[in-house]
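The values are calculated or read from the model by the stated rules, or taken from the named source; none is laboratory data. Because the structure is predicted, anything quoted here is derived from the model rather than measured. Because the Cβ atoms are built from the backbone with ideal geometry, glycine has one as well, and the counts that use them run over all protein chains shown.
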Amino acid sequence: MSRKAVPAELTRVFERTYPFGWLGILADVPPSHDELVYARHDRGFALLSMRSPSVSRLYLQVPEGTDAEAWSDDEIWAELERRFETADGWRLERGPITQKSVTPMRSYVHEPMRHGRLFLAGDAAHIVPPTGAKGLNLAVGDVVTFARALTYRKDTGSAQLLDTYSEACLRRVWQAERFSYDMTTLLHRAPDATPFEDRLQLARLERLAGSRAAETDLAEAYTGFPFG
């Protein structure tokens, strides 16, 4: 990988591995809701999303190292229904599962994102847990920032934006890392969580549900950060 070309003495790596992963499935059934549905449950996190109008994408929090094949289709649907159960009678629609896999949860940042003529972008420089849905956005942001810097060099002859590429990208990266960490710790049940930590998690959710300022902060981070 190209980042290995950066001398170790010039590199700083920041990372965190979470003690759980996501068991993800694709199912041939229309999404049960037209919006993403995030669930925080005592048994763990769950997410309802969509691949297309006729294909659903769903996720379950599972212990780190889980084998997807150890879960039968009926077990997956039963656990999803348990975690998505609501008091208003809304129900999750079942369908044939066509794919299942487990995604590990990890945060990673490599600094700097530039060494000489080598510019790192996307997963070569940073990884976020998928809870905040920021991985692809960050990669696109890196490429846009790099393209603007190249254009500026071509038009003006100045390498100013190329020289500040790493700094500019990392400001956005760390905000996305912070948001992804917040979402992950807000919605997932840690296997070693204490009753105190569980109540703090609920207090954070209540704050989001009852504060316009907290809602605004979440919305701003969820919709993304400026490029450059």
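Observations
- Residue check for PHE225: surrounded by 14 or more Cβ atoms within 10 Å (Cβ to Cβ), over 23 Å from LEU23 (Cβ atoms) and more than 17 Å from the chain's Cα centre (by Cα): no
- Within this structure, ARG94 passes the test of being assigned to a loop (DSSP other than H, G, I, E, B), over 19 Å from LEU187 (Cα atoms) and basic (Lys, Arg).
- Every residue from the stretch 126-144 that is out of contact with any Phe, Trp or Tyr (no Cβ under 7 Å at 6 or more places or on another chain), of a type outside the set (S, T, N, Q) and surrounded by fewer than 20 Cβ atoms within 10 Å (Cβ to Cβ): ALA133, GLY135, LEU136, ALA139, VAL140, VAL143
For every residue, the table says whether it meets (1) in the same structural domain as MET50 (by TED's automatic domain parsing); (2) within 18 Å of the chain's Cα centre (by Cα); (3) of a type in the set (S, T, N, Q).
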residue: PRO129; (1), (2), (3): no, yes, no
residue: ALA139; (1), (2), (3): no, yes, no
residue: ALA159; (1), (2), (3): no, no, no
residue: PHE179; (1), (2), (3): no, yes, no
residue: GLU197; (1), (2), (3): no, no, no
residue: ALA203; (1), (2), (3): no, no, no
residue: THR216; (1), (2), (3): no, no, yes
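- Of the helices (runs of 4 or more DSSP H) lying entirely inside the stretch 136-222, those containing at least 1 residues that are more than 19 Å from MET113 (Cα to Cα) are 165-187, 195-210.
- Here is the figure for the stretch 1-30: residues that are touching a residue at least 12 places away in the same chain (Cβ under 8 Å), of a type in the set (Lys, Arg) and not in a strand (DSSP E or B) total 1.
- Scanning the stretch 78-109 for residues that are free of Cβ contacts under 8 Å to residues at least 24 places away in the same chain and either surrounded by 19 or more Cβ atoms within 10 Å (Cβ to Cβ) or among the polar types (S, T, N, Q) (or both) gives a single hit, THR86.
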